[in-house]
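Peer 1: Sharing a structure here in structure tokens format.
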Amino acid sequence: MSLWIANGLSQDLPPGVVMAGAWQGADLAIWRSGTGRLAAWGDRCPHRGMRLSHGFVRGETLSCIYHGWTYGADGGCQKIPAHPAMVPPAAIKAETYQCVEEGGLIWVAPADTAVDLPDLTGLTPVRSVTLRADRAALTRALPEAVVDGDLWRLAALGVVLALQDRAEGLGLHALCRDPALEVQLSRWLDGLLRLAEQGEAA
């Protein structure tokens, strides 16, 4: 199984924005700098443990919302507002992950993972949704899906779902072969959520 986990659509994370993500149970802060560079870090400020996904992007840095500690591209602390003259020790560093874009999706893996991403050539990213049910419920709702790890393919619909386990449920990042069907696919996703979640509750 691939170590690369889809965490959302590229179009949903513009420059200057940070969002929450996840990798195999680990909470992440995924952010895009002012120049468009992506980064994914453990969602914990090394200072007091505040979620970095609540922080704010300034240019090429991410700052914690709690005490304003600021971190650069490599995750290292660059500034401590309470001690402006101090050069932060190199040991003060956020936990970093690899974060790349491919096929219109944002992919995350541990820092030393080789870049070997799924081939999504010819697919158009459509929408990300959260299914408040587990994979078993999704299997019952989509018995025709061809499952390859976290990629579920529905050949008849020309649809691929990249799955992501989240604390609040199952992230579904949908792509399709025919861009003209994006609206229909979005409606189909709404119906899929209802079907799977109702089945889970039954």
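The values are calculated or read from the model by the stated rules, or taken from the named source; none is laboratory data. Nothing here was measured: the structure is a model prediction, and the numbers come from that model. Quick reminder, even Gly has a Cβ in these numbers, built from the backbone with ideal geometry, and neighbours come from all protein chains shown. These accessible areas exclude ligands, DNA and RNA; they are computed on the full protein's heavy atoms, side chains included. Shrake-Rupley method; radii C 1.70, N 1.55, O 1.52, S 1.80 Å.
Peer 1: Whenever you get a sec, line up 186, 33 from highest to lowest accessible area (probe 1.4 Å, protein heavy atoms). Show your work: numbers first, answer last.
Peer 2: Working: 186 30, 33 0 Å².
Correct descending sequence by accessible area is 186, 33.
Peer 1: For Rg/Rh (Cα atoms, Kirkwood Rh), several values are listed as [x] 1.29; [y] 1.32; [z] 1.03; flag the one computed from this structure.
Peer 2: Entry [z].
Peer 1: By the 4.7 Å beta carbon criterion, which cysteine residues of the chain come out unpaired?
Peer 2: 77, 99, 176
Peer 1: Compute the distance in nm between two label points, each set 7 Å from the Cα along the Cα-to-Cβ direction, one at residue 78 and one at residue 101.
Peer 2: 2.0
Peer 1: Defining a contact as two alpha carbons under 8 Å apart and six or more residues distant in sequence, what relative contact order in percent does the chain show? Please report the intermediate quantities before stating the final value.
Peer 2: Values: 420 pairs, mean separation 38.4, N = 202.
Relative contact order comes out at 19 percent.
Peer 1: Please list the equivalent ellipsoid semi-axes of region 124-198, computed as the square roots of five times the alpha-carbon gyration tensor eigenvalues, in descending order and whole angstrom.
Peer 2: Numbers: eigenvalues 65, 34, 28 Å².
The equivalent ellipsoid of region 124-198 has semi-axes of 18, 13, 12 Å.
Peer 1: What is the sum of charges around residue 122, taking Lys and Arg as +1, Asp and Glu as -1, for the other residues whose C-beta is under 14 Å from the C-beta of residue 122? Please report the intermediate quantities before stating the final value.
Peer 2: Working: positive: 153, 177; negative: 102, 119, 178.
Here the charged neighbours net out to -1.
Peer 1: If you don't mind, another one. Grab the DSSP H runs of the chain that are 4 residues or longer, score each as -39,500 (n - 2.57), total them, divide by all residues and round the 222 nm result to the nearest 500 deg cm²/dmol. The partial results should precede the final answer.
Peer 2: Working: 2 runs with 27 residues, N = 202.
My calculation for the chain gives -4500 deg cm²/dmol from helical runs alone.
Peer 1: Can you tell me the accessible area per residue over the chain, all protein chains present, probe 1.4 angstrom, in square angstrom?
Peer 2: Values: 9950 Å² over 202 residues.
Accessible surface, normalised per residue, equals 49 Å².
Peer 1: If you don't mind, there's one more thing I want to ask. Counting only protein heavy atoms, what percent of the accessible surface of region 1-89 is carbon or sulfur at a 1.4 Å probe? Could the numbers behind the result be given before it?
Peer 2: On the way: 2360 of 4220 Å².
Here it works out to 56 percent.
Peer 1: What is the helix-to-structure angle for 182-201, meaning the angle in degrees between its Cα long axis and the longest Cα principal axis of the chain, kept from 0 to 90 and rounded to the nearest 10?
Peer 2: Helix 182-201 sits roughly 90 degrees off the main axis of the chain.
Peer 1: Which net charge results when you count Lys and Arg as +1 and Asp and Glu as -1 among the other residues whose beta-carbon is under 14 Å from that of residue 65? Kindly include the intermediate steps, with their values, before the conclusion.
Peer 2: On the way: positive: 44, 48, 51, 58; negative: 43.
My count for the surroundings of residue 65 gives +3.
Peer 1: Please give me the summed charge of the neighbours of residue 153: other residues whose Cβ is under 12 Å from its Cβ, Lys and Arg +1, Asp and Glu -1.
Peer 2: Once positives and negatives cancel, what remains is -3.
Peer 1: Let me ask something else about it. So which residue, out of 181, 170, 123, gets the largest mean-square fluctuation from a GNM of the chain using Cα contacts under 10 Å as springs?
Peer 2: 181
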